[in-house]
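Structure first, commentary second.
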Amino acid sequence: MRLPLLLLGTLLCAAAQAQHPAPAEVTDAGWGIRFTPPAGWTQHPAPQGYLFLAPTQEAVLAVLPHAAHTLGALRAEAQQGIADGAGTQLRLRGTVASFGANGLVADYEGWIEGSPGRARAVGLVAPGGDGVTVLVATAPQHYSEAYAAVAEAVAESVVFEAPPAAQTAAPADAPAARPAGGEEQEWYDFFHGCRLSYFNRYDSGYGGGGYLDETTIDLCPGYFTFGDRSETVFNTRDLSGSDAYLQRGGRGAGQWTVARQNGESVLQLHFHDGTVRAYVLGYEDGKTFLDGRRWLRTCNPDDSVVEARPQCQ
């Protein structure tokens with residue numbers, strides 16, 4: 001499971017400064033979720049989602065959005081372990097089990113910013129896709145089934161609600177999703193329901209380190225999802241990176257289309273926050289290019305390679 005825009009280890013240290021008691025219930029209309037935090041825990045500000053600290057200050061509970069649209073996609077992420085790109089690396093302990101009708105639960109162990117850690121994570125998929133990960137983490141000597149039960153209780157309290165229409169509607173200045181015809185229509189049909197993936201890797205060899213850049217765009221009917229990950233590794237140690245899925249609500253990150261711009265066909269991504277990204281399109285020798293860089297196009301939701309599967313409803 002990915003921890004988007006969250007350095008878990010850093011917050012484990014910062015959470016000790018929390019002074020505000022957790023509310024009886026958290027309601028986030030923009031996210032489309034409400035849940036019951038654990039009684040007696042304190043709430044700490046977080047860059048994304050919600051963070052709570054145990055009364056003993058031995059454990060932290062995080063409630064975070066995830067970008068998986070199906071239980072299959074969520075299971076694939078859960079089996080990969082938990083990482084934040086900044087020194088937190090927790091591997092799966094045991095197996096991934098079902099949790100209710102729309103969730104999975106798993107235990108993890110490994111390292112949180114250089115210190116041993118254990119965690120239980122419960123992932124839930126919302127009716128419209130995406131969802132929430134509820135995770136409790138602590139040092140191995142403090143871990144207990146009581147803390148694990150806290151994560152499960154919070155997950156059981158989660159209620160998904162439709163976010164306001166203003167959160168999921170396309171920006172007023174966004175173009176119609178489907179082009180009128182011509183070359184742009186051909187590109188639109190070519191991409192519709194597919195995943196675009198860009199990989200840039202370098203390995204110096206002999207354990208000397210390297211870097212990884214990975215971007216995925218799922219071009220779904222009426223919306224898109226966007227994932228971006230980068231890591232720098234030196235002597236097998238992760239030094240810096242990010243693992244962010246820019247997504248909000250049940251309709252992905254925004255609306256996409258193909259338009260004509262300066263005489264060229266351009267893939268336009270209109271994010272819900274008003275941000276627009278544009279890529280000049282090209283095709284040569286059976287290969288797809290965005291801004292001159294080769295991207296892989298995969299369209300089979302049952303592809304044998306999990307990472308190649310488009311995550312559309």
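A few notes on this one:
- Looking at V96, V105, V136, just one residue is within 23 Å of T27 (Cβ to Cβ) and touching a residue at least 12 places away in the same chain (Cβ under 8 Å), and that residue is V136.
- Segment 144-201, subset part of a loop (DSSP other than H, G, I, E, B), at pLDDT 85 or above and open to solvent by less than 30 Å² (accessible area, probe 1.4 Å), residue farthest from Q57 (Cα to Cα): G193
- Segment 10-34, subset buried (at least 20 other Cβ atoms within 10 Å of the Cβ) and within 19 Å of the chain's Cα centre (by Cα), residue modelled with the lowest pLDDT: L11
- Against the numbered list (1) surrounded by fewer than 19 Cβ atoms within 10 Å (Cβ to Cβ); (2) outside any helix (DSSP H, G or I); (3) modelled with pLDDT of 85 or more; (4) among the aliphatic types (A, V, I, L, M), L5 comes up short only at (3).
- Being surrounded by fewer than 21 Cβ atoms within 10 Å (Cβ to Cβ) and at pLDDT below 85 is a description that applies to V233.
- Considering P37, P55, the condition of being buried (at least 20 other Cβ atoms within 10 Å of the Cβ), assigned to a loop (DSSP other than H, G, I, E, B) and at pLDDT 90 or above is satisfied by P37 alone.
Matching residues to (1) surrounded by fewer than 19 Cβ atoms within 10 Å (Cβ to Cβ); (2) modelled with pLDDT under 85:
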{"site": "S242", "(1), (2)": "yes, yes"}
{"site": "R248", "(1), (2)": "no, yes"}
{"site": "W256", "(1), (2)": "no, no"}
{"site": "L267", "(1), (2)": "no, no"}
{"site": "T275", "(1), (2)": "yes, yes"}
{"site": "V280", "(1), (2)": "yes, no"}
{"site": "D285", "(1), (2)": "yes, no"}
{"site": "C299", "(1), (2)": "yes, no"}
{"site": "V306", "(1), (2)": "yes, yes"}
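- Residue in segment 40-47 that is among the small types (G, A, S), within 13 Å of L135 (Cα to Cα) and in a loop (DSSP other than H, G, I, E, B) present: no
- Complete set of residues in segment 265-277 that are among the small types (G, A, S) and more than 17 Å from Y223 (Cβ to Cβ): S265
- Lone unmet requirement of (1) under 18 Å from the mean Cα position of the chain (by Cα); (2) modelled with pLDDT under 90 for W111: (1)
- Residues in segment 287-297 that are in contact with a strand residue (DSSP E or B) (Cβ under 6 Å, 6 or more places away or on another chain) and either assigned to a loop (DSSP other than H, G, I, E, B) or open to solvent by less than 60 Å² (accessible area, probe 1.4 Å) (or both): T288, F289, L290, D291, W295.
The values are calculated or read from the model by the stated rules, or taken from the named source; none is laboratory data. Model, not experiment: these values are computed from the prediction. Here Cβ is always computed from backbone atoms with ideal geometry, including for glycine, and neighbour counts include all displayed protein chains. Calculation scope for accessible area: heavy atoms of the full protein, side chains included, ligands and nucleic acids excluded. Shrake-Rupley method; radii C 1.70, N 1.55, O 1.52, S 1.80 Å.
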